[in-house]
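Shown next, in structure tokens, is the structure this report addresses.
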Amino acid sequence: MTFENLNILSPILKVLEREKYFSPTPIQEQVIPLILQGNDVLGCAQTGTGKTAAFALPILQQLALRQAVKPKSIRALILTPTRELAIQVGDNFACYGTNLNLRCTTIFGGVSQVHQVKALKAGTDVLIATPGRLLDLMNQNLVSLSHLEIFVLDEADRMLDMGFVHDVKKVVACLPAKRQTLLFSATMPKSIQQLADSLLKNPVCVSVDPVSSASQAVAQSVYFVENSDKEQLLTTLLGDSGILRSLVFTRTKRGANQLVKKLISQGVLAAAIHGNKSQNARQKALEDFKQNDLRVLVATDIAARGVDIEDLPHVVNYDLPNIPETYVHRIGRTGRGGKSGVAVSFCSREEKGELKSIEKLIGVTLSVSSI
Ligand code: AMP
């Protein structure tokens, strides 16, 4: 299968060639034709499956082929739960749309609205937004969605986990009833199905890589360790020169800060990303990590959600997550694109219940490691 087989237009094909996307991923193969045909789609897919391009390519293509009802009006809206994901999706739209005459704007909170408002006033075809900032600007009458053609709710499960359901509903209430709606979620609990029922019309459901099946390419193991010994265990593991870059998950922002302090004091280049960090600090940490200037990035789940880091060899669950699906999201950061990855989990006496739930979900008993 090629992107040409999927009837992707040549200006987009040229970009895909440049980006070395040789063939569509399974979610792209399934979803692109459905979106091009105008269907509503309910997609069950995790980050790392190529889901962004699965909706971005056909959206750009449709907007390029169709005449705008009102020039300079917003024609497609993509709502994402986190700022990082908004930026990433915005970058993807900008990249795939390089050869098209369409404008894409990304808006998110935590930074001044001045530049975002300026971009909106200049007119934009595609708006990528987090719910809070979008509502804020809508309330200031700086955003009109009355000519919207396509609406995407990305990472809907995380949107609900983060308590954005009311904000999402407020936005949806302002959208034209006649529109194409796409909803993507890594998991499909009942709450998401209910949301989907209220947003989508006769949707086609597509699912790839069920969340309970962690990638085969990831070697998973667990260390049983007391909470007070976790720092020492991590520094010992990092003492292995084979471990280059690691994404380390902690349960709390405070825990992330403390760990970073400790690592830095031991000479390990580390930084934290979490909700209390400014947007600029988070972006800088992420960039430094991607550029290999940081060895360890310590993250809370919310901050790390949707963040795409290529070639990530190690994920460490310094604390086990309360929600077992989160474990699958976390370790999905490694072992991508045919590469092998390692996911190490630290389990204290208090976390044995969480470990049990995770093992039940993934259907695997993690092998036990020790130093
Ligand atoms: P996503 O699941 O949207 O976060 O995408 C994960 C990564 O896969 C991103 O770095 C994309 O640039 C990349 N990607 C998406 N589609 C393809 C493709 N067809 N071939 C190669 N890489 C891709």
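The values are calculated or read from the model by the stated rules, or taken from the named source; none is laboratory data. Note that the structure is a prediction, hence the values are computed from the model and not measured. Every residue, glycine as well, gets a Cβ built from its backbone with ideal geometry; the counts of neighbours run over all protein chains shown. For accessibility, only protein heavy atoms count, side chains too; no ligands or nucleic acids. Shrake-Rupley method; radii C 1.70, N 1.55, O 1.52, S 1.80 Å.
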Placing each pseudo-label 7 Å from Cα in the direction of the beta carbon, Asp91 and His115 end up separated by a distance in nanometres of 1.4
Cut-off 14 Å, label point 7 angstrom out along Cα-to-Cβ of Ala281: give me the residues of region 250-270 whose amide nitrogen falls inside.
253-261
Taking H as built 1.01 Å from N, whose amide H comes closer than 5 Å to the amide H of Glu149, not counting residues under 5 places away?
Ala76
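Using 0.36 nm per residue of separation minus the Cα-Cα distance, give me the extension gain between Asp293 and Glu226 in nm, one decimal.
21.1 nm
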Which three extents, in whole angstrom, do the alpha-carbon atoms of the chain cover along their principal axes, largest first?
64, 43, 40
Using the structure shown, list the pairs from Lys253/Lys352; Lys284/Lys360; Lys121/Lys190; Lys169/Lys277; Lys20/Lys261; Lys190/Lys360 with a Cα-Cα distance above 31 Å, or answer none.
Lys284/Lys360; Lys121/Lys190; Lys20/Lys261
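Pop the C-beta distance of Gln140 and Lys262 into the FRET formula with R0 = 41 Å and round what comes out to the nearest 0.05. Numbers along the way, then the final one.
Numbers: r = 43 Å, r/R0 = 1.06.
E between Gln140 and Lys262, to the nearest 0.05, is 0.40.
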Please give the per residue accessible area of the chain, computed with a probe of 1.4 Å over protein heavy atoms only, in Å².
45
Which order, highest average first, do 359-367, 59-67 follow once you tally other Cβ atoms within 10 Å for each residue and take the mean per peptide?
59-67, 359-367
Summarise the accessible area of the chain (1.4 Å probe, protein heavy atoms) by the percent that is carbon and sulfur.
50
Summed residue charge, Cβ within 11 Å of Ser185's Cβ, Lys/Arg positive, Asp/Glu negative
-3
Using a ≥ b ≥ c from the Cα gyration tensor of region 147-278 (square roots of the eigenvalues), is it rounded, prolate or oblate, where a/c under 1.5 gives rounded and otherwise the larger of a/b and b/c decides, a/b for prolate?
prolate
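Would you please put 289-299, 8-18 in order of how densely packed they are, using the mean number of other Cβ atoms within 10 angstrom per residue and starting with the highest?
Working: 289-299: 19.8, 8-18: 15.9.
Packing proxy ranking, top to bottom: 289-299, 8-18.
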Between rounded, prolate and oblate, where does region 218-369 land on the alpha carbon gyration tensor, with a ≥ b ≥ c its root eigenvalues, rounded for a/c under 1.5, else prolate if a/b exceeds b/c?
rounded
